[in-house]
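Read through the structure below, which is laid out as structure tokens, and then see the notes.
The values are calculated or read from the model by the stated rules, or taken from the named source; none is laboratory data. None of the values given here were measured: they were computed from a predicted structure. Cβ sites come from the backbone with ideal geometry, for glycine too, and all protein chains shown count toward neighbours.
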Amino acid sequence: MRPLRPVPLSAPLALSLHELGFDELLEGFSEPCVIIGDDYRILAANRAYRETYGLGGKDVVGKTCHEISHHSSVPCDRHGEACPLLEAREAGHSARAFHIHHSADGRVFASVEVIPVVPGPGHSGTNAEEAPVYLERIISSPAGRPDPRSEGLVGESPAFVRMMATIHKVAPQNATVLLHGETGTGKELVSLAIHKLSPRADRPFVAVDCSGLPENLIESELFGHEKGAFTGAHTRKTGLVEAATGGTLFLDEIGELPLPVQAKLLRLLETNVFRRVGGIEPLHANIRLISATHRNLLAMVQAGSFRQDLFYRLNIFPVELPPLRERREDIPLLVSSILSRLSAARISVSREALALLKRHSYPGNVRELRNILERALILSDGHEITPDHLPDLVDGLSSPATPSGVPRLVSLEEAERQYLSWALAQKGDDLPELAKILGVSLRTLYRKIADLRDLSGPSAT
Ligand SMILES: Nc1ncnc2c1ncn2[C@@H]1O[C@H](COP(=O)(O)OP(=O)(O)OP(=O)(O)O)[C@@H](O)[C@H]1O
């Protein structure tokens with residue numbers, strides 16, 4: 001058997017990779033692993049790889065890695081993906097990539113690491129035997145799948161896969177993460193995924209909606225209070241920072257946090273110390289903080305409503321969540337996934353209905369898609385969903401298209417109404433700011449909104 005020595009090695013691997021033959025080496029790993037040659041051919045595979053990617057009992061040895069995991073006759077870089085083998089070959093050190101793989105159990109997200117391996121010092125082989133070989137380890141993601149049966153995050157578009165790759169990189173670190181995305185893009189789901197992928201996974205995940213808490217309560221909710229700290233504080237109360245000890249605290253809509261609480265949060269992040277309201281004892285926090293917002297925090301900093309120092313503390317690792325209209329390729333998959341979550345029966349969607357669903361601009365993103373499908377399911381009595389069951393998408397105003405997504409030629413007046421509906425869905429909570437962006441006075445904006453409501457009836461945005 002051929003003795004092996006890997007170059008260079010990350011510390012944990014170095015312990016298991018020395019002077020071993022292919023099979024012995026591979027069986028040391030519980031995750032799927034293969035040894036591949038320069039030409040992508042699999043030279044050996046461990047049991048986990050055979051079970052995960054097995055081709056109905058046929059051996060994988062002699063096949064190429066892209067044939068097995070991508071069901072493709074050409075390497076993944078020819079599909080626009082990063083090929084870790086190519087990178088490892090060129091750089092001479094290990095390389096990683098995040099891919100969608102075909103496993104025996106459907107498609108999965110997979111973190112792939114390729115490590116160059118060379119013969120051990122005692123080995124004197126033939127030239128052919130000394131051709132470079134690589135160890136490929138694959139860890140499939142528990143955070144979601146590009147598969148309708150997935151419980152977690154669903155998607156397969158390049159924008160979505162890029163975001164998934166980013167969260168898989170940051171999750172194992174303790175870094176503070178700031179998620180930015182429009183409403184309904186999945187910020188809470190992504191934050192939970194980061195928690196589940198982190199070493200804190202078996203400790204608490206505590207989610208707090210900063211916009212849902214009255215200003216005078218936020219501080220005691222977050223930090224707790226001592227008995228008698230204020231009228232009505234009859235007992236000592238543990239705050240959410242303490243409740244998240246060892247785990248992750250998710251602060252949703254961080255832009256809504258009042259300035260005095262921003263100062264306390266900053267102190268917590270800088271010193272890891274906080275005090276309960278009315279308390280003097282300093283308490284040590286042990287949390288990972290993930291925050292999220294749909295707002296432009298930098299613009300808020302410039303406007304003086306968000307602390308600059310807190311912004312930089314929160315923004316250590318920013319993650320942008322793509323809006324659904326920028327990943328329309330995901331709509332068919334999301335439709336089947338959401339329908340299978342909503343109904344145990346198999347519900348089909350007609351071609352025309354799917355075309356309508358794909359054309360809509362979704363100011364409310366995945367949450368809006370879910371609501372539309374929930375209504376359609378009721379209207380269809382659990383049978384095939386057709387355009388008749390999608391009145392919001394057929395009727396126009398309550399389903400505004402983005403300027404780039406106007407599905408047919410319309411009058412300028414109609415285009416303005418559609419654009420205004422869309423703009424309101426993006427920034428309707430800050431009309432002065434929206435008026436500024438649209439270049440109209442606040443009074444004009446109010447008038448246009450009133451016209452829009454008159455025209456579209458009580459259900460308009
Ligand atoms: N990629 C996805 N795959 C499957 N479901 C998703 C995805 N993204 C969002 N959802 C679903 O959409 C809904 C909204 O998601 P979530 O609450 O995480 O969004 P959000 O960005 O936090 O919204 P908000 O800013 O309004 O709080 C949920 O039902 C969630 O399960």
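Taking the listed residues 324, 377, 334, 373, the one that is more than 22 Å from residue 190 (Cβ to Cβ) and within 16 Å of the ligand (Cβ to nearest atom) is 377, with no other qualifying. If I go through the stretch 206-260 residue by residue, how many of them are more than 27 Å from residue 181 (Cβ to Cβ) and of a type in the set (Phe, Trp, Tyr)? Residues that pass the stated criteria total 2. Grab the helices (runs of 4 or more DSSP H) fully contained in the stretch 328-396, keeping just those with 1 or more residues being in contact with a strand residue (DSSP E or B) (Cβ under 7 Å, 6 or more places away or on another chain) and in contact (Cβ under 8 Å) with a residue 12 or more places away in the chain. Ranges flagged: 331-342, 351-359, 365-379.
Yes/no matrix, rows are residues, columns are (1) surrounded by 20 or more Cβ atoms within 10 Å (Cβ to Cβ); (2) more than 16 Å from the ligand (Cβ to nearest atom); (3) closer than 25 Å to residue 201 by Cα:
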{"site": "251", "(1), (2), (3)": "yes, no, yes"}
{"site": "254", "(1), (2), (3)": "yes, no, yes"}
{"site": "257", "(1), (2), (3)": "yes, no, no"}
{"site": "263", "(1), (2), (3)": "no, yes, no"}
{"site": "269", "(1), (2), (3)": "no, yes, yes"}
{"site": "274", "(1), (2), (3)": "yes, yes, yes"}
{"site": "283", "(1), (2), (3)": "no, yes, yes"}
{"site": "291", "(1), (2), (3)": "yes, no, yes"}
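Scanning the stretch 295-313 turns up no residue that is out of contact with any strand residue (DSSP E or B) (no Cβ under 9 Å at 6 or more places or on another chain), within 22 Å of residue 394 (Cα to Cα) and crowded, with 16+ Cβ neighbours inside 10 Å. You will find that of 200, 162, the residue that is surrounded by fewer than 18 Cβ atoms within 10 Å (Cβ to Cβ) and either touching a residue at least 40 places away in the same chain (Cβ under 8 Å) or of a type in the set (Lys, Arg) (or both) is 162 and no other. Inspection of the stretch 394-410 identifies no residue that is at pLDDT 85 or above and β-branched (Val, Ile, Thr).
Tell me yes or no: at least one residue of the stretch 212-226 is in the same structural domain as residue 273 (by TED's automatic domain parsing), under 28 Å from residue 321 (Cα atoms) and within 16 Å of the ligand (Cβ to nearest atom). For the stretch 212-226, residues in the same structural domain as residue 273 (by TED's automatic domain parsing), under 28 Å from residue 321 (Cα atoms) and within 16 Å of the ligand (Cβ to nearest atom): present. Restricting 190, 241 to those that are in a helix (DSSP H, G or I), under 21 Å from residue 317 (Cβ atoms) and away from the ligand (no atom under 15 Å from the Cβ) reduces the list to 241.
With respect to the conditions (1) free of Cβ contacts under 8 Å to residues at least 12 places away in the same chain; (2) surrounded by 14 or more Cβ atoms within 10 Å (Cβ to Cβ); (3) within 23 Å of residue 153 (Cβ to Cβ), residue 213 falls short on a single one, namely (3).
Among residues of the stretch 195-238 being outside any loop (DSSP other than H, G, I, E, B) and of a type in the set (Phe, Trp, Tyr), the one that is modelled with the lowest pLDDT is 223.
Residue 148 falls short on exactly one of the conditions (1) within 12 Å of the ligand (Cβ to nearest atom); (2) assigned to a loop (DSSP other than H, G, I, E, B); (3) assigned by TED's automatic domain parsing to the domain that holds residue 272, and that condition is (3).
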